[in-house]
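*Asks:* My structure is below; once you've seen it, I'll send some questions.
The values are calculated or read from the model by the stated rules, or taken from the named source; none is laboratory data. For clarity, every value in this text was computed on a predicted model and none was experimentally measured. Cβ atoms come from the backbone with ideal geometry, glycine included; neighbour counts cover every protein chain shown.
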Amino acid sequence: MTKPQPDDLDAVRTIVGALEGFDAKDKQRILRWAQEKLGLAQPSPPSSSSTAPGAPPPTTPPAPFPGQGSDIKSFVEKKNPSSDTQFAATVAYYYRFEAPVQLRKESITSEDLQEACRQVGRDRLPRPAQILVNAHAQGLLDREERGAYTINTVGENLVAMALPSEGKVRAPARTKNRLGGKKATRKSVKRKSSR
């Protein structure tokens, strides 16, 4: 018995039905993620040499996330990242999808991260390159070339869907206690008091 050939239109109906209720921006992101998951190449804009003589030049395709060209300060404030690695993912997302078209870039470097700190009024990072490495280790960014990182689907999902993390308070920095960094136990306190 042969397996029935899948029907293209049934597949289209299934996809369309699953995407109903999402806005256009979310639909584009979901379709792009599905293409990446299936290993399908992303469509590239046609080259200018491929147009026929006398034909009008091709229009540039819309960006995958047609952002309003917001400024980085308001975008970061809206997303409110709670850690340096989330901040790095937010900056990478902004430059790839939300920045004005002339400022968009596929990957960011430690210089981009420091410049973003300056623009949003955040304290300068002592080691921005290490923050990018940490974000890569957490699976939020992919390494492109030495020192350059691009946001991946995990990082996109974090920034687009999980941020801002309202109601979650950033954990306070840990401080050493007065006993030289060791945790005080009842025995050590008793020994000190009996001396």
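*Asks:* Residue pairs, Cβ under 7 Å, 6 or more apart or interchain, first in segment 100-125 and over 19 Å from K78 (Cα atoms), second of a type in the set (V, I, T). List them.
*Replies:* Pairs found: E106/T150; S107/T150; I108/V91; D112/V91; L125/I131.
*Asks:* Tell me which residues, restricted to segment 118-135, are outside any loop (DSSP other than H, G, I, E, B) and more than 14 Å from T85 (Cβ to Cβ).
*Replies:* Passing the criteria: R118, Q119, V120.
*Asks:* Could I ask something else about it? Looking only at segment 8-27, filter to residues that are small (G, A, S) and either in a helix (DSSP H, G or I) or under 23 Å from the mean Cα position of the chain (by Cα) (or both); which one of those is surrounded by the most Cβ atoms within 10 Å (Cβ to Cβ)?
*Replies:* My answer is A18.
*Asks:* Under 7 Å by Cβ, and 6 or more places apart or on different chains, what pairs join a residue from segment 144-168 that is in the same structural domain as A129 (by TED's automatic domain parsing) and at pLDDT 90 or above with one that is among the small types (G, A, S) and in a loop (DSSP other than H, G, I, E, B)?
*Replies:* Matching pairs, first to second residue: E144/S107; A148/S107; Y149/S107; T150/S107; V154/G139.
*Asks:* Moving to a separate point now. Could you please tell me which pairs satisfy a Cβ distance under 7 Å, a separation of 6+ or placement on different chains, a first residue in segment 22-43 that is aromatic (F, W, Y), and a second residue that is modelled with pLDDT of 70 or more?
*Replies:* From segment 22-43, the pairs are F22/I30; W33/T153.
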